[in-house]
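Okay, so here's the structure we're looking at.
No value in this document is a laboratory result; all are computed from the given coordinates. Computed from a predicted structure; not experimentally measured. Cβ: placed from backbone, ideal geometry, glycine included. Neighbour counts: every protein chain shown.
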Amino acid sequence: MDKLNLTKHISSQFNEEIEQIRNHVMAMGGLIEQQLSDALTAIATSDAELARQVIATDLVVNDWEIRIDGECTRIIAKRQPAASDLRLIMAIIKAISDLERIGDEAERIAKVALESFSSAQQDLLVNLENMGRHVAQMLHDVLDAFARMDVEAALAVYKEDKKVDREYEAITRQLMTYMMEDPRSIPKIMNVLWSARSLERMGDRCKNIAEYVISFVKGKDVRHSGEDILEQDARS
């Protein structure tokens with residue numbers, strides 16, 4: 001009887017620890033969502049102070065990753081989880097790594113707001129902001145999918161990455177044309193180009209997190225599967 005009670009206690013405590021970690025992941029994700037939103041606003045409004053806040057926030061994001069990673073390591077050592085419990089913890093460890101890198105990219109984007117641009121160059125930033133808002137929605141949606149372990153929502157985010165890739169290609173062509181027409185603008189426009197690249201990478205990171213959700217729920221590694229096979233696995 002004592003053994004049964006102990007097992008029940010351990011299971012209950014394990015669930016509480018997992019739930020706390022999931023809450024911490026959502027807190028970290030929410031912070032990065034705000035970081036990206038503020039970075040885009042800083043670019044749109046040329047708000048250098050807001051850009052500096054985004055840059056400073058990256059240290060907090062890094063602390064979250066270290067904290068959550070430590071919590072996951074401890075729970076593996078103490079509880080020795082198996083099957084779906086272990087898959088969940090591994091999904092969390094992978095997800096926070098991608099989230100931390102999204103925070104890094106948001107920091108790089110914020111640094112563009114510290115530059116001064118001519119009115120003609122400001123027009124180029126509009127498309128960058130539009131792409132950024134698209135990626136921000138992807139981030140919001142994939143965090144929601146991760147919170148609920150919703151395969152259909154994760155699949156929708158996975159598919160959305162192709163649209164972000166097309167936006168990136170269009171912006172790249174536009175910026176390359178501008179630099180050819182005005183070579184003096186190359187240093188500043190290259191920073192805008194790298195910001196567009198950062199947004200494209202964020203889309204890739206969101207896609208990765210979507211894959212972790214599908215892999216956890218389906219119990220199958222779906223990385224590198226290709227969209228058709230991944231969709232088939234997700235809906236099987």
Quiz prompt | Point-charge dipole on Cβ atoms (K/R +1, D/E -1) for the chain, about Cα centre, debye to 20 | solution = 560 debye
Quiz item: Given the alpha-carbon gyration tensor of the range 138-189, what are the semi-axes of its equivalent ellipsoid in whole angstrom, ordered largest first, with each equal to the square root of 5 times an eigenvalue?
Solution: 36, 11, 4
Quiz item: When only C-alpha pairs under 8 Å and at least 6 residues apart count, what is the relative contact order of the range 122-236, in percent?
Solution: 37 percent
Quiz item: Using a basic spin-label model with each label point 7 Å from the Cα along Cα→Cβ, how many nm lie between ASP228 and GLU115?
Solution: 4.1 nm
Quiz item: Using the alpha-carbon centroid of each, what span in Å lies between the range 6-83 and the range 131-208?
Solution: 22 Å
Exercise. Can you quote the Å³ per residue value for the convex hull of the Cα atoms in the chain, rounded to an integer?
Key: 114 Å³
Practice problem: Run the numbers on the range 2-235 and let me know its relative contact order in percent, using alpha-carbon pairs under 8 Å that are six or more apart. | Solution: 25 percent
Quiz prompt | Extension gain (nm, one decimal) between ASP182 and MET149, 0.36 nm per residue minus Cα-Cα | solution = 7.0 nm
Quiz item: When the chain is fully extended, how far beyond the present Cα-Cα distance does GLN137 get from THR172, taking 0.36 nm per residue of separation?
Solution: 10.5 nm
Self-check item: Relative compactness, the range 4-137, computed as alpha-carbon Rg over 2.2 N^0.38 Å
Solution: 1.37
Practice problem: Under 19 Å from a label point 7 Å along Cα→Cβ of ARG22: give me every residue in the range 137-163 with its amide N that close. | Solution: 140-155
Quiz item: For the chain, what are the DSSP H helices with axial Cα length of 15 Å or more and mean Kyte-Doolittle hydropathy of at least -1.0?
Solution: 2-45, 48-79, 83-112, 119-148, 151-181, 186-218
